[in-house]
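The values are calculated or read from the model by the stated rules, or taken from the named source; none is laboratory data. Quick caveat, the model's predicted, so the values are computed rather than measured. Don't worry about glycine lacking a Cβ; one is built from the backbone with ideal geometry, like all the others, and counts go over all protein chains shown. These accessible areas exclude ligands, DNA and RNA; they are computed on the full protein's heavy atoms, side chains included. Shrake-Rupley method; radii C 1.70, N 1.55, O 1.52, S 1.80 Å.
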Amino acid sequence: MTEEQPARGPGRPAQLSVEAIVGAALESGANELTVRGLARRLGVTHKALYRWVGDRDGLLDLISDHLLGRVLARTAGAPADDWRAWLTGFGRLLRAEFLPVADAEVLAQFPRETSTYKELQQQAEAVMGGRGLTQEQARDSFAVFLFAVWGWIAAEKLCAEQPDHERTFTAMLDALARGLPSPSNR
């Protein structure tokens, strides 16, 4: 994930960073998040924050990109010899990063075509394509898998009192991965 700072002229040093913006944003929850409110919480002008994010969608993209960057970093060294195992591991990591976030379902409103999302998509396509799936099968399988995991996260947040989410989540990932096309089903 790249953390490009907006161009600045001479003056005071920057008071904002990706980490500061994301940290403050995650404290409030995505549903209640406004650029002006977040700027007040950060102690900067809303204009300063707008230079970083553009608008609320840009802010949500920044948060999603940051969280997806953590997932990407953890999948980088994961063994890719079994694409189904790689994909279920990815699903577990995605759930681990996004489930604790208040209003994570707002962040999951794809397509949030951030640079990190595209990197994850390319990584998934490379893992699956390297095991015999066509590029279209790999792209579609990743999209279906991602949609199912996002849906699970939203449902789990709504039904937090239900027991044994971990076991049923694992069962869902395994069933979903088994149902995806295999190279012989081209």
Sort out for me the helices (runs of 4 or more DSSP H) sitting completely within the range 82-186 that have 3 or more residues that are open to solvent by less than 80 Å² (accessible area, probe 1.4 Å) and among the charged types (D, E, K, R).
83-98
Taking Ala143, is it over 18 Å from Gly69 (Cβ atoms) and hydrophobic (A, V, I, L, M, F, W, C)?
yes
May I ask you to verify whether Arg70 is basic (Lys, Arg), outside any helix (DSSP H, G or I) and surrounded by fewer than 20 Cβ atoms within 10 Å (Cβ to Cβ)?
no
Residue count, the range 27-51, condition at pLDDT below 90, surrounded by 16 or more Cβ atoms within 10 Å (Cβ to Cβ) and assigned to a helix (DSSP H, G or I), comes to 1
